[in-house]
1. Which of the following residues is part of a helix (DSSP H, G or I), modelled with pLDDT of 95 or more and surrounded by 22 or more Cβ atoms within 10 Å (Cβ to Cβ): Val194, Val198, Val227, Val223?
2. If Ala239 satisfies every condition in (1) closer than 22 Å to Thr191 by Cβ; (2) part of a helix (DSSP H, G or I); (3) in contact with a helix residue (DSSP H, G or I) (Cβ under 7 Å, 6 or more places away or on another chain); (4) of a type in the set (A, V, I, L, M, F, W, C) but one, which is the exception?
3. Here is a list of conditions, (1) outside any helix (DSSP H, G or I); (2) free of Cβ contacts under 8 Å to residues at least 24 places away in the same chain; (3) of a type in the set (D, E, K, R), and Asp91 meets all of them except one; can you say which number that is?
4. For segment 11-63, how many residues are over 22 Å from Glu146 (Cα atoms), modelled with pLDDT of 95 or more and of a type in the set (Lys, Arg)?
5. What are the residues in segment 4-25 that are among the aliphatic types (A, V, I, L, M) and part of a helix (DSSP H, G or I), if any?
6. Which residue pairs have Cβ atoms under 8 Å apart, sit 6 or more places apart or on different chains, and have a first residue in segment 214-233 that is closer than 23 Å to Val147 by Cα and a second that is of a type in the set (S, T, N, Q)?
7. Can you tell me which residue in segment 57-93 is nearest to Gln110 (Cα to Cα), limited to those that are basic (Lys, Arg) and loosely packed, with under 14 Cβ neighbours inside 10 Å?
8. Within segment 157-179, can you find the residues that are crowded, with 24+ Cβ neighbours inside 10 Å and part of a strand (DSSP E or B)?
Amino acid sequence: MSQKPKHVISLLDFQPEEVEQIFAQSAEIKSKLLAGQRDPTLAGRVLTLLFEKPSLRTRNSFEAGMTQLGGGSIFLSTKDAGLQGRESLPDVAKVLSGYSDAIAMRTFSQQLIEDVAAHSSCPVINALSDESHPCQALTDLFTLQEVFGDLNGRKLVYVGDGNNVARSLAILSSMMGVSLTVCAPAGYELTTAVLNEVQTRVGACTVMQLSDPHKAVQDADVVYTDVWASMGQEAEADARNKVFAPYQVNAELMSHAPAGCKFMHDLPARRGTEVTDEVMDGPNSIVFQQAENRMHLAKGLLAWLLT
(Lines give C-alpha, C1' and ligand atoms only; values in the text may rest on other atoms or scores of the structure.)
Protein backbone atom coordinates (compact mmCIF):
# COMPACT_ATOMS: atom_id res chain seq x y z
CA MET A 1 0.00 0.00 0.00
CA SER A 2 1.41 3.41 -0.95
CA GLN A 3 2.38 5.84 1.78
CA LYS A 4 -0.11 8.59 2.56
CA PRO A 5 1.17 11.95 1.21
CA LYS A 6 2.10 14.80 3.54
CA HIS A 7 -0.36 17.63 2.93
CA VAL A 8 -0.01 21.30 3.87
CA ILE A 9 -3.60 22.01 4.87
CA SER A 10 -3.11 23.69 8.25
CA LEU A 11 -0.04 24.62 10.24
CA LEU A 12 -1.62 22.77 13.17
CA ASP A 13 -0.50 19.58 11.42
CA PHE A 14 3.19 20.55 11.66
CA GLN A 15 5.87 20.18 14.30
CA PRO A 16 8.45 22.92 15.05
CA GLU A 17 11.29 20.76 13.77
CA GLU A 18 9.50 20.36 10.43
CA VAL A 19 9.14 24.13 10.13
CA GLU A 20 12.85 24.52 10.93
CA GLN A 21 13.68 22.01 8.17
CA ILE A 22 11.57 23.96 5.66
CA PHE A 23 13.23 27.23 6.70
CA ALA A 24 16.71 25.71 6.42
CA GLN A 25 15.96 24.30 2.97
CA SER A 26 14.50 27.65 1.84
CA ALA A 27 17.54 29.56 3.12
CA GLU A 28 19.94 27.18 1.39
CA ILE A 29 18.11 27.38 -1.93
CA LYS A 30 17.92 31.19 -1.71
CA SER A 31 21.63 31.46 -0.89
CA LYS A 32 22.53 29.31 -3.87
CA LEU A 33 20.31 31.36 -6.18
CA LEU A 34 21.95 34.59 -5.05
CA ALA A 35 25.32 32.96 -5.85
CA GLY A 36 24.08 32.12 -9.35
CA GLN A 37 23.44 28.43 -8.70
CA ARG A 38 20.13 26.79 -9.65
CA ASP A 39 20.15 23.12 -8.73
CA PRO A 40 17.56 21.07 -10.68
CA THR A 41 16.27 19.58 -7.44
CA LEU A 42 12.80 18.98 -8.86
CA ALA A 43 13.70 18.12 -12.45
CA GLY A 44 10.80 16.41 -14.16
CA ARG A 45 8.39 17.14 -11.30
CA VAL A 46 5.00 18.74 -11.97
CA LEU A 47 3.07 21.15 -9.75
CA THR A 48 -0.61 21.71 -10.57
CA LEU A 49 -1.98 25.08 -9.47
CA LEU A 50 -5.73 24.80 -8.89
CA PHE A 51 -7.09 28.30 -8.28
CA GLU A 52 -10.54 29.68 -7.54
CA LYS A 53 -9.23 33.17 -6.65
CA PRO A 54 -7.05 35.50 -8.77
CA SER A 55 -3.44 35.85 -7.71
CA LEU A 56 -0.20 37.71 -8.29
CA ARG A 57 2.31 36.52 -5.67
CA THR A 58 0.93 33.05 -4.99
CA ARG A 59 0.77 31.90 -8.59
CA ASN A 60 4.02 33.52 -9.68
CA SER A 61 6.00 32.46 -6.62
CA PHE A 62 5.06 28.80 -7.11
CA GLU A 63 5.52 28.83 -10.89
CA ALA A 64 8.86 30.67 -10.74
CA GLY A 65 9.99 28.42 -7.91
CA MET A 66 9.21 25.23 -9.81
CA THR A 67 10.96 26.55 -12.93
CA GLN A 68 14.07 27.53 -10.97
CA LEU A 69 14.18 24.06 -9.42
CA GLY A 70 13.99 22.41 -12.83
CA GLY A 71 10.34 21.34 -12.66
CA GLY A 72 7.19 22.55 -14.36
CA SER A 73 3.72 23.76 -13.46
CA ILE A 74 0.20 23.60 -14.86
CA PHE A 75 -2.38 26.26 -14.03
CA LEU A 76 -6.10 25.44 -13.85
CA SER A 77 -9.08 27.37 -12.57
CA THR A 78 -11.54 25.32 -10.53
CA LYS A 79 -13.91 25.74 -13.49
CA ASP A 80 -11.29 24.36 -15.89
CA ALA A 81 -10.83 21.38 -13.60
CA GLY A 82 -14.53 20.58 -13.53
CA LEU A 83 -14.99 21.36 -9.84
CA GLN A 84 -18.10 23.44 -10.50
CA GLY A 85 -20.26 20.43 -11.24
CA ARG A 86 -18.92 18.91 -14.44
CA GLU A 87 -17.26 16.01 -12.62
CA SER A 88 -17.32 14.60 -9.11
CA LEU A 89 -14.69 15.99 -6.78
CA PRO A 90 -13.14 12.58 -5.98
CA ASP A 91 -12.73 11.90 -9.71
CA VAL A 92 -11.04 15.27 -10.30
CA ALA A 93 -8.70 14.83 -7.32
CA LYS A 94 -7.69 11.31 -8.38
CA VAL A 95 -7.05 12.36 -11.98
CA LEU A 96 -5.06 15.50 -11.14
CA SER A 97 -2.95 13.78 -8.51
CA GLY A 98 -2.17 11.07 -11.06
CA TYR A 99 -0.65 13.73 -13.31
CA SER A 100 1.00 15.79 -10.56
CA ASP A 101 3.71 15.54 -7.93
CA ALA A 102 1.94 18.22 -5.87
CA ILE A 103 -1.23 20.33 -6.07
CA ALA A 104 -1.38 23.90 -4.72
CA MET A 105 -4.88 25.30 -4.18
CA ARG A 106 -6.05 28.90 -3.70
CA THR A 107 -9.75 28.87 -2.86
CA PHE A 108 -12.52 30.46 -0.86
CA SER A 109 -13.41 27.23 0.94
CA GLN A 110 -11.06 25.45 3.33
CA GLN A 111 -13.34 22.44 2.99
CA LEU A 112 -12.66 22.22 -0.75
CA ILE A 113 -8.94 21.90 -0.07
CA GLU A 114 -9.54 19.24 2.58
CA ASP A 115 -11.85 17.30 0.26
CA VAL A 116 -9.33 17.30 -2.61
CA ALA A 117 -6.58 16.23 -0.20
CA ALA A 118 -8.73 13.33 1.03
CA HIS A 119 -8.78 11.85 -2.49
CA SER A 120 -5.32 12.92 -3.70
CA SER A 121 -2.38 10.55 -4.05
CA CYS A 122 0.10 13.49 -4.00
CA PRO A 123 0.67 16.32 -1.51
CA VAL A 124 -1.94 19.10 -1.53
CA ILE A 125 -0.81 22.57 -0.43
CA ASN A 126 -3.18 25.17 0.95
CA ALA A 127 -2.02 28.24 -0.97
CA LEU A 128 -4.84 30.27 0.63
CA SER A 129 -8.36 29.72 1.87
CA ASP A 130 -10.74 32.02 3.71
CA GLU A 131 -9.82 30.16 6.90
CA SER A 132 -6.04 30.02 6.71
CA HIS A 133 -2.93 31.03 4.78
CA PRO A 134 -0.13 28.71 5.92
CA CYS A 135 2.35 29.54 3.14
CA GLN A 136 2.09 33.25 3.96
CA ALA A 137 2.71 32.69 7.68
CA LEU A 138 5.67 30.44 6.88
CA THR A 139 7.08 33.15 4.62
CA ASP A 140 6.55 35.81 7.28
CA LEU A 141 8.42 33.99 10.02
CA PHE A 142 11.11 32.88 7.57
CA THR A 143 11.59 36.57 6.76
CA LEU A 144 11.72 37.48 10.47
CA GLN A 145 14.38 34.84 11.02
CA GLU A 146 16.33 36.15 8.05
CA VAL A 147 16.18 39.75 9.28
CA PHE A 148 16.82 39.18 12.99
CA GLY A 149 18.87 35.99 12.95
CA ASP A 150 16.50 34.09 15.23
CA LEU A 151 12.84 33.90 16.19
CA ASN A 152 12.81 33.13 19.88
CA GLY A 153 11.29 35.96 21.89
CA ARG A 154 10.63 38.21 18.90
CA LYS A 155 7.57 40.44 19.16
CA LEU A 156 5.30 40.63 16.15
CA VAL A 157 2.35 43.04 16.25
CA TYR A 158 -0.43 42.47 13.75
CA VAL A 159 -2.68 45.55 13.36
CA GLY A 160 -5.94 44.90 11.53
CA ASP A 161 -8.57 42.26 10.86
CA GLY A 162 -8.32 38.87 12.58
CA ASN A 163 -8.47 37.11 9.21
CA ASN A 164 -6.91 34.01 7.65
CA VAL A 165 -3.41 35.51 7.82
CA ALA A 166 -3.80 36.43 11.49
CA ARG A 167 -5.06 32.93 12.30
CA SER A 168 -2.11 31.26 10.60
CA LEU A 169 0.32 33.66 12.28
CA ALA A 170 -1.23 32.78 15.66
CA ILE A 171 -0.52 29.10 15.09
CA LEU A 172 3.01 29.47 13.75
CA SER A 173 4.08 32.16 16.21
CA SER A 174 2.99 30.02 19.15
CA MET A 175 4.81 27.04 17.64
CA MET A 176 8.07 28.92 17.04
CA GLY A 177 8.36 31.03 20.21
CA VAL A 178 7.30 34.36 18.71
CA SER A 179 5.14 36.69 20.79
CA LEU A 180 2.19 37.82 18.65
CA THR A 181 -0.10 40.72 19.51
CA VAL A 182 -3.26 41.01 17.42
CA CYS A 183 -4.59 44.56 17.59
CA ALA A 184 -8.10 44.79 16.17
CA PRO A 185 -11.36 46.61 16.91
CA ALA A 186 -13.99 44.78 18.94
CA GLY A 187 -15.70 42.09 16.90
CA TYR A 188 -12.79 41.67 14.48
CA GLU A 189 -10.23 40.02 16.75
CA LEU A 190 -9.31 36.34 16.79
CA THR A 191 -12.03 34.25 18.37
CA THR A 192 -11.64 32.40 21.65
CA ALA A 193 -12.23 29.16 19.72
CA VAL A 194 -9.20 29.85 17.50
CA LEU A 195 -6.96 30.64 20.48
CA ASN A 196 -8.17 27.59 22.39
CA GLU A 197 -7.43 25.37 19.40
CA VAL A 198 -3.91 26.80 19.19
CA GLN A 199 -3.39 26.16 22.91
CA THR A 200 -4.68 22.60 22.62
CA ARG A 201 -2.95 21.56 19.40
CA VAL A 202 0.34 23.48 19.74
CA GLY A 203 0.64 23.18 23.52
CA ALA A 204 1.12 26.91 24.01
CA CYS A 205 -0.52 30.11 22.83
CA THR A 206 1.74 33.18 22.72
CA VAL A 207 -0.99 35.48 21.38
CA MET A 208 -2.14 38.65 23.14
CA GLN A 209 -5.08 40.72 21.90
CA LEU A 210 -5.39 44.48 22.33
CA SER A 211 -7.63 47.17 20.90
CA ASP A 212 -5.25 50.14 21.38
CA PRO A 213 -2.74 50.28 18.49
CA HIS A 214 -0.47 52.81 20.24
CA LYS A 215 -0.09 50.51 23.21
CA ALA A 216 0.25 47.42 21.02
CA VAL A 217 3.30 48.63 19.07
CA GLN A 218 5.31 49.98 22.02
CA ASP A 219 7.79 47.10 22.17
CA ALA A 220 7.32 45.61 18.69
CA ASP A 221 10.13 44.17 16.61
CA VAL A 222 7.76 44.18 13.62
CA VAL A 223 4.43 45.84 12.87
CA TYR A 224 2.38 43.91 10.32
CA THR A 225 -0.87 44.83 8.60
CA ASP A 226 -3.17 43.47 5.92
CA VAL A 227 -6.15 44.69 3.92
CA TRP A 228 -9.24 45.44 6.01
CA ALA A 229 -11.62 43.77 3.55
CA SER A 230 -10.39 40.50 2.07
CA MET A 231 -11.38 39.04 -1.28
CA GLY A 232 -15.08 38.20 -1.10
CA GLN A 233 -15.76 40.98 1.44
CA GLU A 234 -15.92 43.84 -1.06
CA ALA A 235 -19.51 44.68 -0.07
CA GLU A 236 -18.30 45.33 3.48
CA ALA A 237 -15.38 47.56 2.45
CA ASP A 238 -16.96 50.96 3.21
CA ALA A 239 -18.22 49.87 6.62
CA ARG A 240 -14.91 48.23 7.47
CA ASN A 241 -12.94 51.31 6.41
CA LYS A 242 -14.81 53.37 8.99
CA VAL A 243 -14.31 50.83 11.77
CA PHE A 244 -10.62 50.31 11.02
CA ALA A 245 -9.66 53.94 10.32
CA PRO A 246 -7.94 54.34 13.75
CA TYR A 247 -5.83 51.26 12.91
CA GLN A 248 -4.05 52.68 9.87
CA VAL A 249 -0.31 52.05 10.04
CA ASN A 250 1.16 55.49 9.44
CA ALA A 251 4.15 57.51 10.62
CA GLU A 252 2.30 58.64 13.73
CA LEU A 253 1.58 55.05 14.81
CA MET A 254 5.11 53.90 14.00
CA SER A 255 6.48 56.73 16.14
CA HIS A 256 5.14 54.83 19.17
CA ALA A 257 7.21 51.76 18.21
CA PRO A 258 10.96 51.30 18.84
CA ALA A 259 13.20 53.10 16.35
CA GLY A 260 14.35 49.89 14.67
CA CYS A 261 10.88 48.39 14.32
CA LYS A 262 10.29 46.83 10.89
CA PHE A 263 7.10 46.94 8.84
CA MET A 264 5.51 44.02 6.98
CA HIS A 265 2.48 43.61 4.71
CA ASP A 266 1.50 40.43 2.85
CA LEU A 267 0.18 42.45 -0.15
CA PRO A 268 -1.76 43.55 -2.07
CA ALA A 269 -1.77 46.80 -0.11
CA ARG A 270 -4.47 49.44 -0.26
CA ARG A 271 -2.08 52.37 0.00
CA GLY A 272 -3.65 55.24 1.88
CA THR A 273 -6.10 52.90 3.60
CA GLU A 274 -4.51 50.37 5.97
CA VAL A 275 -1.01 51.78 5.39
CA THR A 276 0.51 54.99 4.08
CA ASP A 277 3.15 55.33 1.37
CA GLU A 278 5.51 56.84 3.95
CA VAL A 279 5.56 53.56 5.88
CA MET A 280 5.34 51.18 2.90
CA ASP A 281 8.30 52.83 1.16
CA GLY A 282 10.16 53.84 4.33
CA PRO A 283 13.61 52.61 5.42
CA ASN A 284 12.16 50.14 7.95
CA SER A 285 9.83 48.46 5.45
CA ILE A 286 10.74 44.86 4.58
CA VAL A 287 7.59 44.34 2.51
CA PHE A 288 9.32 43.50 -0.75
CA GLN A 289 11.90 41.24 0.90
CA GLN A 290 8.88 39.48 2.41
CA ALA A 291 7.18 39.29 -1.01
CA GLU A 292 10.27 37.85 -2.72
CA ASN A 293 10.56 35.29 0.05
CA ARG A 294 7.20 33.87 -1.00
CA MET A 295 9.12 32.29 -3.88
CA HIS A 296 12.06 31.10 -1.78
CA LEU A 297 9.74 29.61 0.83
CA ALA A 298 7.68 27.91 -1.89
CA LYS A 299 10.85 26.33 -3.25
CA GLY A 300 11.96 25.16 0.17
CA LEU A 301 8.51 23.76 0.93
CA LEU A 302 8.25 21.93 -2.40
CA ALA A 303 11.76 20.51 -2.08
CA TRP A 304 10.98 19.39 1.49
CA LEU A 305 7.74 17.72 0.40
CA LEU A 306 9.01 16.06 -2.77
CA THR A 307 12.58 14.95 -1.99
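1. Val198
2. Against the list (1) closer than 22 Å to Thr191 by Cβ; (2) part of a helix (DSSP H, G or I); (3) in contact with a helix residue (DSSP H, G or I) (Cβ under 7 Å, 6 or more places away or on another chain); (4) of a type in the set (A, V, I, L, M, F, W, C), Ala239 comes up short only on (3).
3. The single condition Asp91 does not satisfy is (1).
4. Number of matching residues: 2.
5. Within segment 4-25, Leu11, Leu12, Val19, Ile22, Ala24 qualify.
6. Once the first residue is closer than 23 Å to Val147 by Cα and sits in segment 214-233, its partners that are of a type in the set (S, T, N, Q) give Ala216/Thr181; Ala220/Thr181; Asp226/Asn163.
7. Lys79
8. Those that are crowded, with 24+ Cβ neighbours inside 10 Å and part of a strand (DSSP E or B): Val157, Tyr158, Val159.
The values are calculated or read from the model by the stated rules, or taken from the named source; none is laboratory data. A quick note: this is a predicted structure, and the numbers were derived from the prediction, not measured. As a convention, Cβ positions derive from the backbone with ideal geometry for all residues, glycine included, and neighbour counts pool all protein chains shown.
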